[in-house]
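What follows is calculated from the coordinates using simple rules that are stated; it is not laboratory data. It should be emphasised that the depicted structure is a prediction, and the values quoted were computed from it without experimental measurement. Virtual Cβ from ideal backbone geometry, glycine too; neighbours counted across all protein chains shown.
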Protein chains: 2
Amino acid sequence: MDSRLTIGELAKETGTKVVTVRYYEQAGLLPVPPRTAANYRAYGADHLHRLRFIRRCRDLGFTLDQVRDLLRMSSQEDQPCAEVNRISGEHLTEIERKVADLTRLADELRRINARCQGSGTVADCRIIEALSP
Amino acid sequence: MDSRLTIGELAKETGTKVVTVRYYEQAGLLPVPPRTAANYRAYGADHLHRLRFIRRCRDLGFTLDQVRDLLRMSSQEDQPCAEVNRISGEHLTEIERKVADLTRLADELRRINARCQGSGTVADCRIIEALSP
DNA sequence: ATGCACCCTATAGTCACTATAGGGTCAAGG
DNA sequence: CCTTGACCCTATAGTGACTATAGGGTGCAT
C-alpha cells in the first residue's frame, strides 16, 4: 500500500494551493519531502498532519512566525506549555483590539454614509465633505 | 509671506512620515510639487488639503486605489455622487464582514485558551490539542 | 503519438509602506 | 571659516503571505 501523496493531493486534502505548499516548504514550515524518480515531491502522513495544523492556525489568524513557534513547541512534549499559552493569549488580545478598532470604524462610516443618498452631485455630497477634514 | 512647506513640515502637519509622503507622490496620489533651488520639494495649501484627505481615508481603512477614485470624483463637482456612495458602502460592508469574522475567531480562541492554565507540559496542553484538527 | 493534467524551478508582482546606503543643504555655535 | 546636526535628495531592497508568470518535464489515456 502506497501512502505517499503528490503535492496536488496534499493540497486538495488540506484546502491549500499547490504553490502555497511549496511556499511553506521554502519558508521552513513544512519539512522537505523525499522525491520520486521523476523529481516529484512525495508526502507522508506526518506532512499531512503538520500541514493541517498550519492551516488551522492560519485560519485562526496566527502569523507564520507564530505558527513556527507553535510547531516547535508542540514537538517538545516535556516542556512547560506556558509559552504556548502566552502566544495564544497575546494573539487573542490583538484580535480583540482589531475588533474594537474596526467596530469604531464601521460606526463612523455608517454615520458618514447615512448623510448622503447618492442622488445629488459630488458638490453636495456629504461623504466627500465628511472625508475632508 | 511664504506659505510653502518643506516635506518635513507637511508630514508633521498631517501626521504622515516623510517617506510616506514621497511614496504617495510616486504612487500618483499627491501631485508633484515645485522644487526650490536646492531641489527641495515645496508644498502649498492644496497639497496640505489633499494629503489630509488621503490620511483621513486611510484612517477609515480605504485602500489607496479607493482613495484615488475618491480623489478623482471629489474634483468633478458636477458629476453625480452615486459612485462615491457605492465605494463607501462597499467598504462598510467589507469592514462589517471583517468584524463578524474576527468576532467569531476571537470566540473560538477564547474557548481554546480557557482549556489550558499554562501550568502543565506541552504533552497535556489543550491549546496544541485544539489546534491539531 | 498526442493531448491534457499534473509536476518542476526561478523570478517577479501584490499592498502600503519601511529601511538602508550614500549622498547634498542649511542654520547655529565655536 | 569650520563643524555639527537636522533636515533634504535618490535609488534600491525588504516586509508578509502569498500569487502569477515563464519555460520546461512527467504520466496516463486515447
Going by how many other Cβ atoms sit within 10 Å of their own, how do A:Thr103, A:Thr93 line up, fewest first? A:Thr93, A:Thr103
Taking N as the number of residues in the protein assembly as shown, what value does Rg over Cα atoms divided by 2.2 N^0.38 Å take? 1.38
For A:Tyr40 paired with B:Glu9, estimate the spin-label separation in nm (one decimal), with each label point 7 Å from Cα along the Cα-to-Cβ line. 6.8
Distances longer than 17 Å among the Cα atoms of chain B: what percent of all pairs is that? 70
Tell me the angle of helix A:64-74 to the major Cα principal axis of chain A, expressed in degrees between 0 and 90 and rounded to the nearest ten. 40
Acute angle (nearest 10 degrees) that the helix B:45-59 long axis makes with the longest principal axis of chain B, alpha-carbon atoms: 10
Between 0 and 90°, nearest 10: helix A:82-114 axis offset from chain A longest Cα axis: 30
What number, rounded to the nearest 500 deg cm²/dmol, is the helix-based mean residue ellipticity at 222 nm of chain B, given -39500 (n - 2.57) per DSSP H run of at least four residues and division by all its residues? -20000 deg cm²/dmol
Which value in Å is the Kirkwood Rh of the range B:1-73 over different Cα pairs? 12.5
Based on the Cβ-Cβ distance of A:Glu77 and B:Lys17, what FRET efficiency does E = 1/(1 + (r/R0)^6) give at R0 = 51 Å, to the nearest 0.05? 0.65
Label geometry 7 Å along the beta-carbon vector: A:Asp46 inter-copy distances in nm: 6.6
Starting from 0.36 nm per residue, how many nanometres of slack lie between B:Ala27 and B:Arg104 once their C-alpha separation is accounted for? 24.1 nm
Quick one: dipole size for the protein assembly as shown, taken about the Cα centre, charges +1 on Lys/Arg Cβ and -1 on Asp/Glu Cβ, in debye to the nearest 20. 340
If you rotate chain B onto chain A, whose Cβ in B ends up lying nearest the axis, and how many Å away is it? B:Val99, 3
Can you list the lysines whose alpha carbon sits under 20 Å from that of B:Lys12, skipping same-chain ones fewer than 8 residues off? none
Computed from every Cα-Cα pair in the range B:90-133, P(r) in 5 Å bins starting at 0 and rounded to whole percents is 5, 22, 19, 16, 11, 10, 9, 5, 3, 1
